[in-house]
Structure formats: structure tokens, C-alpha cells
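Notes to accompany the following structure.
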């Protein structure tokens, strides 16, 4: 967008000047050009009055307050309200105004330029070398200015650059001393960050000690001390898996992989962090001692870091000069969606370390690097309706339905609105023309409403005051954004509760799908979980459904589930916050359903055998069983004949305590089923290859894990090998 070619007659030169300043936030007009463009817009016939400072003062104050609010949402709460593009436009507008009105800017409260993720819940420590941010650009002209600065410093046009994906996660700095990991800090305010070492230690791909031997047996030099900088993130596959688990427990979904990564890295319980399956990649350094062994190029640093056992970017594109750099950026833009992790642009870096040092730093960012960002793809469509979904715990989640529209190669027609506060903030009216974008190229969201196209007689959407499933009253006076239906007999809640109970992650009841469950609830044959164990053929068969074979199959599956592993029953009853991992710990520690339902705070406080149960799990158990109906439910399941067994590892399995990683598509087993088979044989399944990995289970179309396993001399097996062991 270019604002200054338009010729508009203004009565006041200050208006023209301020308009250009605001327009330059959207275009890439350097602040230095603003006076020139303003003169171009200024009428020549009338003498211009002195520019008023009132608007500038009010706007600078507003922008600083608003940016500080968004910084808190982004850095501390990991719950941003606007896109990076919108945020950067606010920052650019503020910079331009501060440049043009320096006296006003100095008289107002200053703003931290790179944000601050410290939350007061962790101890803080100082970075040996400041951990800065990156300058941002959205246009070719900004890229040209960056290259001009670099080429001027180097006296050479053909500067060699690296082009890397900009990972959308949480910045982290690890300090290694004599090769040992001693500290992990968040970026914080750039000078000091939160110490989250205990949580970082749970990420399998982060080595606790750097290795001094390369893969081909060559020795490398380990620094006396080095700060390694990188990004913690959640892969798309792990993000979806964790959201499915949360939904099955009646918990709200994470809105974006960055929210998951940021929240998980700063949990108070490192055991919970370990369950979030975080990943990390490193791409820079701070303090590096002794300086005599600092590599000569950025590419050499990546090779060196990889030899130490640190995960780094595997492929980095290079380009010489501005023309090839521009071409490379355009090419890489289309490749961003192919990465298995979220990205929010590209990073351009000068490759030569000596030139990096010559260019130096501002107090916010290095002069030798640039974050090149792309405006998110948006589309206009029409809001058709807002439907309320009722979750297993009664949580009411609004879902926007709109006319189908294509963004980033896929057609979408719905987006979650999260809660009633989101609806109110957008001021949504049914029939509105809305703007949709994909946050991080994956999550559809409503960005805004085009009110100029709104019908005059339309009214704001009103959140229903009754549950759409059971018509129970909802307390709309609550200050909470999230609203619940508290009717335990609500059909929608019962539907979700039974679906969760019967799922393969819990009781694994074949044939009890959503359609069958809906029929059982509608006919009032099943009113709660224990009723499943009272079903008979006569209650399942009807003139419309006379398939005796499938009916008997379902009844046999229900009968078998009476003796499911105890952890499956615990997971299946749906205690909020208790997933598969915690259910297994509870099963091993408590030993029976009866003991679980009768446990109290006194038991937890006075028995050492419960030490393996963390504080979060204890609180979840006590909260759940503080409701008498929940204790009654478990007792009714016991009376219905559920006699769970305690799972145990086979005593004579070559897989006992062996670590497995899966890659590719297996001939007959799904990834979930293969994991269950391996775990039943005593094995441990992990997502990433580490020094502990014993086997790689190989399928067709494998990814990069195959090459890594071959390089590490890890034993590679196929599905047939696993299946043979199950028959022995």
C-alpha cells in the first residue's frame, strides 16, 4: 500500500503530515521521508499553520498503552488477541510518531521495545549477552534498505545471506559450562529472563551434556561457556494430539501451537511439561568463550552445534546479493506451509560472523539480521450462524458458521469463537460480512467485521440464556468468559461423556459410536455410564435395526471392557485434568476403583505411598470426588460388574524398557495401535530420536527420522517383527 501518490487538498498541513505518518505504518515509508511526502500533499496557496501536537500526544500515549497490553497478552499470557501483522503495524506507527515528535515522546512514559515474558512465578537470572529481538519488514523496499546498510558496511554488493524459517514459539537461551547444561532462561526483557531449567530438562531433544565427538569420530572443541539461543515450539501433529486429549477431558483447546509451547514451558510442574511433547531448534548464540574458537560463519556454527548434539535447522537456503535474496524469499514463502512446525515468516542473516560484528547492534536488535514477514492471507465471507457446542463437562463453546471460503489452499466454513467475550469484542451480528484469516496458516479465526456492509436492522448476537441441548438455565451474570451447563443429565454432555468412556484411549468398546450412543440416549435406554452394562439384545434391536451380529459384537465388547486395565477406567470416567499418563500413575499407586473413590485429603497428606502422585493430580481427584454424585457413579460402575485389572509389563520381553520411535505408514497397524502393541510388550514409544532410542519402527514413506536412525546406528525394525513377538 502506498499512500503518498494521492493528491488531496488539506486545509491544514499538520493533518497531511500526520496522515502520512499513519500511512507510513502500513506502507514502508521511512520516517525520514514523511516530511517530504507531507510537503507533496500540502496545498501551496494557503500558508500552513503550525502543526498541532494534541493528536500526536494522545496517539503516542494510546499506542504505548495498547502495545503494552498486547505485550502482556503475548509474552506473559500466551493468548494474543491480534495477529503479528496487526501488532507490528501498531509498533511501526508508534516509531514514526516518536521520530517526528521527539519532545512529546520523551515527555511520556517509555515503552519496552522487545516485550517482557517474566511473570513473577519463576526466579530470574541475567543473560551474559543481551537476548535481543529482530527488526521486521513486510516489503521489498524494506529488504532493499536492509541490504543497502549491509553492503555499505562490507563494501560489497554480493553479500552472502542465509534465509531460514522463522519458528513461531517461545525464545529460549541455554547456558552450557564445560559442556554441561547449567541454566535455561526465557528471553524475559532481553537483559534477564525466567529460569525454567527444570522444565527444559524434560525436553528429550535437549542434551544435558554436549558431546565432543562428531558422527564420523572426529573430536570437536567444547566451549568453556556458551549461551545457545533457539525456539521452543509444538509440532502440528503434537498440537493436534494434545488438543484431542484436552477435548476428551472436557478442557478447552489451545488456540495455537505457540500458546501451547509458551504455556507448557512455564508450567509450575515439570512433569506436566514433559507430557506436552515440546520440541526445540537452535539458531544462534550469545556469550561464547573462549572467543578464539568462535566459527567464522553462521553456517559453520550450525555444523558445530549439530556436532555437539544440539538440534538445529537441517536445511538453510543461501543467496548472494539483493536480487537473489528477493528471489529466495519469494520461493521460500510458498514452502513455509510444508514445515511440520508453525512459522510466522523468514529470517534473513548475514553469514559472515566478522561482518555481523562490524554491523553490530541497536539496543533492540542486531543490524545483521531481519525478520521478513508476510501479511496473513485473508478472505471475506458472510456469517451465517453461531452454534453453541456443549462439551463433556458442560462447557459451552460458540462456533461460527459462515459461507465456505478458500484460504491457503483449503476450504473452511467454520471457526471457533472460544467464548462469549470473543463474540462481544468482535460485535458480531448474524449476516455480517466478516474477515477470516488462518492464524499461523492453520487455525481459522474471525479477524474483524466490515460494518460498512452491515444491514441497518441487524442486531448483535445474544448468547443464549439456556443450554441448547437440555434447556437448563445458564448463569449469564458470571464474570467468567466461559459459561457452563450444570445439568448432569444434559443429553449433549452425556453423549460426549459416553463417547469418551468408550473411546480407544479409554475402555475401547468396539461398535459404540456416536450414532449408536445418540439412539441409546434418545430412547432413554442409557441415562449414565453404568447403564451400558445393563444392555441386552432386546434393548438394542428394533424393527429399523435388526442386525443381530453387530448387536452381539457390541454386547461382547462391553462385557470385555468390564476387565479393562484400571488406568483405562480411571481415564474413562472423565476426571478433569486426568489423562492417560496421570491415570496410569494413579492406577499403579492406588490399585483399585474402590480405593480411588474413597480417597481423601487425609490419605494424601498422611501416606508416603502416594508420593508419586503430583499436587495437580491430587487436587483434581479431591475436587472431583467432592461432588457426591461422582462417588456414586464410580460405586455404580463397580456394582455393574466392572472389575478392572492392573496392567503389568511382561517379564520376558526383549522390548522391556526399550525406546521406540515410529516413522512412515505401517501396512496394517495404525500408529495408535502400534504404540499400544509396543507398550503391551514393555516398550516405550517416543516421538523423537535421542541417544536413548533403541529401535526405529519403519513404515512406507518415512521422514527424516530414517536417515537420522541410520546415522546413529539405531536398529531398524518393521511391523512384522513386532507382530511376531505378540504371538510368541
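Take every pair of alpha-carbon atoms less than 8 Å apart whose residues are at least six positions apart; their mean separation over the length of the range 557-672 yields a relative contact order of 35 percent. Scattering from the C-alpha atoms of the range 146-276 alone, worked out with Debye: what is log10 I(q)/I(0) at q = 0.12 1/Å? Evaluating at q = 0.12 Å⁻¹ gives log10 I(q)/I(0) of -0.66. When every Cα-Cα distance of the range 466-524 is counted in 10 angstrom steps from zero, the calculated P(r) takes the values 21, 41, 26, 12, 0 percent.
Listed from fewest to most Cβ neighbours within 10 Å, the set 584, 106 follows the order 106, 584. Sorting 123-136, 185-198 by their mean Cβ neighbour count within 10 Å, with the most densely packed peptide first, gives 185-198, 123-136. Summary value for the range 659-727: 40 percent relative contact order, contacts being C-alpha pairs under 8 angstrom separated by 6+ residues. Over the range 659-727, the alpha carbon radius of gyration divided by the compact-protein estimate 2.2 N^0.38 Å works out to 1.00. Working from the Cα coordinates of the range 199-271, the gyration tensor eigenvalues give, after taking √(5λ), semi-axes of 34, 14, 11 Å in decreasing order. The order of the peptides 296-309, 138-151 by mean Cβ neighbours within 10 Å, most packed first, is 296-309, 138-151.
Of the peptides 352-358, 319-325, the ranking by mean beta-carbon count within 10 Å, highest at the top, reads 319-325, 352-358. Relative contact order, whole percent, for the range 124-372 stands at 32, derived from Cα pairs under 8 Å and 6 or more residues apart. The spacing between the range 231-305 and the range 662-728, judged by their C-alpha centroids, is 24 Å. What separates the Cα centres of the range 599-629 and the range 125-151 is a distance of 51 Å.
Considering only DSSP beta bridges whose two residues both sit in the range 334-407, what percent are antiparallel, to the nearest 5? In the range 334-407, DSSP labels about 100 percent of beta bridges as antiparallel. Note on the range 371-492: Cα-Cα pairs beyond 24 Å make up 34% of the total pair count.
Any read-out appearing in this document is the output of simple, stated calculations on the displayed coordinates, not a laboratory observation. Here the structure is a predicted model, which is why all the values come from computation and not from measurement. No Cβ is skipped: glycine too gets one built from the backbone with ideal geometry, and neighbour counts run over all protein chains shown.
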